[in-house]
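Asker: Pasting a structure here, questions to come.
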């Protein structure tokens with residue numbers, strides 16, 4: 001008998017839901033097997049007509065997040081995707097329960113943000129209490145990049161100092177008043193939420209916008225930085241370092257790219273899970289070979305590059321096309337990015353130069369290039385091609401990258417090499433597999449493929 005066309009589709013949706021449920025169950029089991037923090041916390045706060053109730057579970061699945069302020073809900077949900085916590089925050093306004101994905105109506109007063117922050121902070125403190133006697137400094141720093149913005153979080157779980165530093169304004173371009181609202185979300189209440197959460201949770205917290213003029217991304221980067229920093233601090237108690245994980249991916253993570261034009265001929269082979277002890281890199285440009293070799297060593301990946309190009313003209317075509325091909329190979333090898341840490345930050349030195357790289361395998365290409373190179377050439381590589389190399393890698397690798405120069409070297413070659421080393425080290429962190437994710441993608445969207 002013929003079936004209605006939507007019958008097959010409905011079965012497909014049911015199968016997909018069942019698959020997600022099984023995957024979520026595996027994630028919960030994987031986390032519980034590794035964690036000191038096995039007791040879920042609960043918290044509540046009443047302010048006027050606002051009643052907020054929260055739970056926080058280091059090993060649980062996402063609960064209901066319904067504050068009546070949709071953007072705040074979306075931000076709190078970052079704790080699920082990036083801190084891997086089972087979080088719920090339910091708010092009742094004047095006796096009426098708020099619904100998920102629904103705006104309870106403007107204006108959104110500071111009391112909603114404070115009550116939500118205090119309830120969640122109390123739940124977090126109860127969850128964290130199991131690690132209080134571990135005898136270790138449970139603290140971490142994390143830099144979370146988005147295109148157009150990145151923020152840093154310094155958190156100490158049992159520091160007890162509350163919100164020590166909060167510096168996000170302006171929520172827009174420097175020198176302007178910035179955005180007062182993101183949709184119906186009042187940006188000024190961001191600090192209210194964080195101050196309440198920090199006071200009730202017992203942590204010491206520092207949140208700083210390092211770059212950015214997009215209000216949405218400034219706030220989102222801050223929540224993600226806290227989520228990642230919180231989990232990293234918890235991991236110090238558990239003795240876990242997922243950024244140096246040797247867990248293998250369920251996916252095959254190697255690729256090959258051949259690129260041939262009238263200007264260049266390039267053959268790249270890349271293996272994210274190979275022993276990085278051996279590599280073969282030959283582009284005809286000594287400085288470019290050195291930069292890619294530094295990236296390869298620090299990332300601990302297999303990388304072979306064989307390139308020839310019209311160097312009798314100059315180095316532009318060869319440097320650009322090699323970087324494009326390596327970026328494409330990276331993107332292909334990373335695949336769906338299931339199980340990957342996805343985000344990381346690393347600092348490297350070369351001589352007197354110090355450069356920090358902040359990276360997100362985001363599928364949103366962006367390069368925040370902060371190197372000040374004032375010369376004609378870096379070795380035998382034209383100086384503008386250093387930036388072009390990082391841009392081509394970043395855009396074709398489908399990643400967000402910020403490079404920050406913290407100190408100058410004796411010459412520009414040291415700065416460029418420090419940047420390459422930081423990029424490679426950061427790539428290693430981002431591509432490493434966190435076994436607690438059990439093959440899930442580190443995103444509140446559920447995918448990084450679209």
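Asker: Within segment 287-325, can you find the residues that are surrounded by fewer than 20 Cβ atoms within 10 Å (Cβ to Cβ), in contact (Cβ under 8 Å) with a residue 60 or more places away in the chain and either under 14 Å from residue 383 (Cα atoms) or touching a strand residue (DSSP E or B) at 6+ places or on another chain (Cβ under 7 Å) (or both)?
Answerer: 314, 316, 320
Asker: For segment 191-214, how many residues meet the condition of being surrounded by 24 or more Cβ atoms within 10 Å (Cβ to Cβ) and either within 18 Å of the chain's Cα centre (by Cα) or in the same structural domain as residue 400 (by TED's automatic domain parsing) (or both)?
Answerer: We begin by selecting, within segment 191-214, every residue surrounded by 24 or more Cβ atoms within 10 Å (Cβ to Cβ); these are 193, 196-198, 201, 203, 205, 207, 212.
Within this subset, residues satisfying the condition of being either within 18 Å of the chain's Cα centre (by Cα) or in the same structural domain as residue 400 (by TED's automatic domain parsing) (or both) are 207, 212.
Result for segment 191-214: 2.
Asker: Quick check, is residue 257 assigned to a helix (DSSP H, G or I) and either at pLDDT 95 or above or more than 30 Å from residue 156 (Cα to Cα) (or both)?
Answerer: No.
Asker: Might you let me know whether segment 16-31 holds any residue that is in contact with a strand residue (DSSP E or B) (Cβ under 9 Å, 6 or more places away or on another chain), closer than 24 Å to residue 339 by Cα and either at pLDDT 95 or above or not in a helix (DSSP H, G or I) (or both)?
Answerer: no
Asker: On to the next question. Identify all residues within segment 394-426 that are crowded, with 21+ Cβ neighbours inside 10 Å and more than 16 Å from residue 348 (Cβ to Cβ); write none if there are none.
Answerer: 394, 397, 399, 400
Asker: Right, another one. Quick one: is residue 402 closer than 25 Å to residue 221 by Cβ and free of Cβ contacts under 8 Å to residues at least 60 places away in the same chain? Explain how you work it out, then say what you get.
Answerer: Working: closer than 25 Å to residue 221 by Cβ: yes; free of Cβ contacts under 8 Å to residues at least 60 places away in the same chain: no.
When the stated conditions are applied, residue 402 does not pass them.
Asker: Conditions first: (1) crowded, with 24+ Cβ neighbours inside 10 Å; (2) in contact with a helix residue (DSSP H, G or I) (Cβ under 9 Å, 6 or more places away or on another chain); (3) under 18 Å from residue 144 (Cα atoms). Residue 366 passes all but one, so which condition is the exception?
Answerer: Against the list (1) crowded, with 24+ Cβ neighbours inside 10 Å; (2) in contact with a helix residue (DSSP H, G or I) (Cβ under 9 Å, 6 or more places away or on another chain); (3) under 18 Å from residue 144 (Cα atoms), residue 366 comes up short only on (1).
The values are calculated or read from the model by the stated rules, or taken from the named source; none is laboratory data. All of these numbers come straight from a predicted model, not from anything done at the bench. All Cβ positions, glycine included, derive from the backbone under ideal geometry; neighbour counts span all protein chains shown.
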